[in-house]
Structures are given as C-alpha cells and as structure tokens.
Amino acid sequence: MAQFMKQAFQLTPNQVLYQQKRFRGKINIRKPKIFYKKAVVNELVKPFYINPNAGKRLDELCLNKRIGKTKRELSPYEKIISREVRNWLDKSRMAACLHVNSMHQRDIFDVQVPLFRANMYLKRYGTKIVLDAIQDSPYEGIAPLIGKYTWFVFSPDINVVPLQKIIRSCKKMYTLGGILEGYVLKQDEFLKYGAIDLTSAQLGLVQILQNAGGVNLNHQLTHHQSTLVARLEQIGTNETTSTNETVSNENE
C-alpha cells in the first residue's frame, strides 16, 4: 500500500521546451540592413560608365536585325573580301551554311581534304563581311543563319549527299541550310532537294505525262496549232492559184 501511494503521488519530471529565437529580432527580407563595409563594397563596384543599350527594345538588340547596317564601315580590304564572297555565291550552284563548334586546325584540315577532293571548298568569313556581301541580293534569306560560328561550303555542283557524309564523320559540324541553284532553302528542304537526281526526276515526269495523255501526247498538244497552220497554208495556196488564173485570163 505504501509503495502504491508512493508511485501515485510521485512528481512528474519537468519537460523543458526549447524555442529558437533570433537575437535582436527577425530579419527584414524586403529591406535588409546593409552594414557599413558592405555598403562601401557596393559603392566601389557600382558601374560608373553609361550603358549603351539602355532604353533599347529587344528587336534593336538583335545582331541580325538589319542587313548591311553596321556600326562601322568596312575597310578597303574587307570590301575586297565581301566581293569575293559575292562572287562565290554567284558562281556556285551549291552554297551550304554550317554551324561549326570549336575545333583544332588539324581536325579542320581533315575535313577540308575530302571536301576538296569532292570539288567543294570550305570557307570562313566575318559576320559583317557576309552581311555586306548579301545586301540587295537574292541571298538575303540566309541572314538569320549568319554568325561567328557559321562556315560556308561552296561547290560548282550540287553535292549535298557527299557533303553530309563528310561532315557526319566530324561530329562538330551541322548543316543549317543553304542555297541551291540561286534559291535559299532551310535545312530540311536543302537536304531533300539536294538528294534528288534532277535528270531522273525529269525523265519520270515525262513518262508520267506520256502515260497520262497516251503515246501521241505531242500530237494532242500541238493539234490546234498544226490545224491552224494547215488551214492558213491552204488558204494561201488557193489565193495564189486564183490570182495566177486571173492573170492568165487577162493575158489571153
């Protein structure tokens, strides 16, 4: 009984509750207090020059917003290079635009050799020079593709398939688009039309037209013209005969 009463009236141990509280109040997140040393550092690193792009719109900050309107004029040497680029574009049946990542000169040479053997030439020009070369030309459509990592492959023949095989082995060159026969094409169109054999496509078109119109397709297309020419010749012959008969009767 005594032991039972002892356990019943035994004092429960005091449970101490802990609560963390920051010294000197809570932090002001919106306007934090800046100490003197930090204020000195902020004032020291504060820019003291005027931002040239302050107040400009997003389209005004675009590098390729306008063709040919650069901040400075091209030097005489750059103008010569610009005419060279324009000559390459005019004389080449294929001009491919490539995105080239950082590469060693040895790797670039390993790509140039098979391209040269396939009658293709790998070139690299400055952005401003190329923009000046394509100004007021049918090639202005490639302006969005031009950048400091853009290279060009020129060829007097359409060699899209060999070009893809060569750059596929490099792993650091990618086709962005290009120009075929004077027409600017995006990447999928450039690869699609470059892989087509035009001679076979023309033969297939002629065969389809022949089958659709019969064997005498040429005769059907020129029937009305041939009939008109025959009638005119007949009229001319009849008039000549009647004129000769009239002259002979008058002579008699």
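The values are calculated or read from the model by the stated rules, or taken from the named source; none is laboratory data. The structure presented is a predicted model; accordingly, all values stated were derived computationally and were not measured. Don't worry about glycine lacking a Cβ; one is built from the backbone with ideal geometry, like all the others, and counts go over all protein chains shown. With ligands, DNA and RNA removed, areas are computed over all heavy atoms of the protein, side chains included. Shrake-Rupley method; radii C 1.70, N 1.55, O 1.52, S 1.80 Å.
Observations, loosely collected:
- Spans of strands (runs of 3 or more DSSP E) in the range 126-234 with at least 1 residues within 13 Å of the chain's Cα centre (by Cα) and of a type in the set (A, V, I, L, M): 173-180, 183-186
- Ser155 among the small types (Gly, Ala, Ser), out of contact with any His (no Cβ under 9 Å at 6 or more places or on another chain), at pLDDT below 90 and open to solvent by less than 40 Å² (accessible area, probe 1.4 Å): no
- Any hit, the range 176-195, residues being open to solvent by 30 Å² or more (accessible area, probe 1.4 Å), closer than 19 Å to Ile108 by Cβ and not polar (S, T, N, Q): yes
- Leu145 vs. criteria touching a helix residue (DSSP H, G or I) at 6+ places or on another chain (Cβ under 9 Å) and not charged (D, E, K, R): no
- Single residue of Leu11, Leu58, Leu63 found to be modelled with pLDDT under 70, open to solvent by 100 Å² or more (accessible area, probe 1.4 Å), in a loop (DSSP other than H, G, I, E, B) and under 30 Å from Tyr149 (Cβ atoms): Leu63
- Counted residues, the range 80-125 - those being over 20 Å from the mean Cα position of the chain (by Cα), of a type in the set (Asp, Glu) and within 19 Å of Ser155 (Cα to Cα): 2
- Hey, Asp136 open to solvent by less than 60 Å² (accessible area, probe 1.4 Å), of a type outside the set (S, T, N, Q) and farther than 24 Å from Lys192 by Cα or not: no
- Meets criteria (open to solvent by 60 Å² or more (accessible area, probe 1.4 Å), over 25 Å from Leu198 (Cβ atoms), hydrophobic (A, V, I, L, M, F, W, C) and not in a strand (DSSP E or B)) for Ile108: no
- Checked against (1) in contact with a helix residue (DSSP H, G or I) (Cβ under 9 Å, 6 or more places away or on another chain); (2) open to solvent by less than 70 Å² (accessible area, probe 1.4 Å); (3) at pLDDT below 80, Lys69 meets all criteria but (2).
- Filter pass, Ile27 being within 24 Å of Glu140 (Cβ to Cβ), at pLDDT below 80 and among the β-branched types (Val, Ile, Thr): no
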